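Beneath this line is the structure, given in structure tokens, with notes to follow.
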Amino acid sequence: MRLPLFPLQSIFFPGEKIPLHIFEPRYLQLIYDCKNEAISFGIPVYLNQLMPFGVEVVLEEIVKLYSTGEMDIICRAKKVIKIVAFEKNMGDKLYSGGVVTIIEDIRDGEIEIKRRVVNKIQVLYQLMGIPSVQTLAEEFDSFTLAHKIGLSKSQEYKLLQISIESDRLRFIETHLDELIVVLKEVNRTKETIKFNGHFKNLDPLKFDDFKF
């Protein structure tokens with residue numbers, strides 16, 4: 001399929017609500033086209049360069065129009081896409097576009113690994129001293145967790161490319177295991193440093209009977 005494209009230095013996931021402030025003329029034109037023609041557009045990831053993967057999004061609401069012509073909007077991410085061909089200008093439009101493929105999302109996540117992931121998130125939040133929200137394993141998929149578990153942008157981009165839910169959950173579980181180990185060591189080090197900062201009553205060593 002052919003889509004208008006709006007590259008951003010952010011990574012979004014299917015189902016995510018995306019608030020955007022639009023001010024460039026090319027993207028103002030894009031949003032009005034989406035509103036008037038009921039078309040979707042793509043947000044490919046831009047990390048130092050244009051990356052092939054991103055998400056297809058739909059315009060949900062124009063929240064505010066400014067006297068300058070700028071606007072605040074809400075979009076919803078739908079599906080993961082991959083750019084096959086890129087056009088700097090889409091026909092006579094100011095904005096770019098391209099041919100994209102929709103990446104099939106295979107939802108095969110089993111409840112056992114979901115429960116493990118939920119438990120490890122609770123451990124992670126406890127170690128960080130962050131209040132955690134109780135989440136039932138049945139109520140989430142991996143994409144809903146992506147921004148909440150300390151992934152770097154490169155890790156989020158890698159997660160976006162994984163089309164099988166069970167593989168995404170394993171990716172997240174491995175990340176959580178590694179992060180928990182690091183945080184436990186950091187907390188142990190903090191306690192050691194705090195303990196060493198206190199005055200201690202230590203018995204002096206006696207060398208009265210010590211001989212070479």
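The values are calculated or read from the model by the stated rules, or taken from the named source; none is laboratory data. Since the structure is predicted, the reported quantities are computational estimates derived from the model, not experimental observations. No Cβ is skipped: glycine too gets one built from the backbone with ideal geometry, and neighbour counts run over all protein chains shown. Surface areas here come from the heavy atoms of the whole protein model, side chains and all, with no ligands, DNA or RNA. Shrake-Rupley method; radii C 1.70, N 1.55, O 1.52, S 1.80 Å.
How much accessible area per residue does the stretch 19-130 have, in Å², with a 1.4 Å probe?
56
Helix-only estimate, please: 222 nm mean residue ellipticity of the chain, summing -39500 (n - 2.57) across DSSP H runs of length 4 or more and dividing by its residues, to the nearest 500.
Value at 222 nm, helices only: -12000 deg cm²/dmol.
If the chain between ARG115 and ASN36 were fully stretched, how many nm would it gain, using 0.36 nm times the residue separation less the Cα-Cα distance? Write out the running numbers ahead of the final one.
On the way: separation 79, 0.36 × 79 = 28.44 nm, distance 4.40 nm.
This chain segment gains 24.0 nm when fully extended.
Which of LYS64/LYS93; LYS78/LYS184; LYS79/LYS190; LYS64/LYS120; LYS17/LYS88 have a Cα-Cα distance over 31 Å?
LYS78/LYS184; LYS79/LYS190; LYS64/LYS120
Based on a Kirkwood Rh over C-alpha pairs, give the Stokes-Einstein translational diffusion coefficient of the stretch 27-87 at 37 °C and viscosity 0.692 mPa s in µm²/s.
258
Using the 2.2 N^0.38 Å rule of thumb for compact globular proteins, work out how the chain stacks up: its C-alpha Rg over that value, please.
Normalised Rg, Cα atoms only: 1.48.
How are the C-alpha pair distances of the stretch 76-116 spread across 5 Å bins, as whole percents from the shortest bin up?
In whole percents, the pair-distance histogram is 6, 17, 14, 15, 15, 10, 6, 6, 6, 4, 0.
Taking every pair of alpha-carbon atoms in the stretch 101-165, give the share separated by more than 14 Å as a whole percent. If you can, show how the numbers build up before the last one.
Values: 1304 of 2080 pairs.
It works out to 63 percent of all Cα pairs.
For the stretch 8-129, what is one quarter of the convex hull surface built on the Cα atoms, given in nm²?
Values: hull surface 42.7 nm².
Seen from a random direction, the Cα hull of the stretch 8-129 projects 10.7 nm² on average.
If I model a spin label at ASN48 and GLU185 as a point 7 Å from the Cα along the Cα→Cβ vector, what separation in nanometres do I get?
Distance between the two pseudo-spin positions: 2.5 nm.
I'd like the antiparallel share, as a percent to the nearest 5, of DSSP beta bridges with both residues in the chain.
Close to 90 percent.
First compute the accessible area of the chain with a 1.4 Å probe, then give the percent of it belonging to carbon and sulfur atoms.
55
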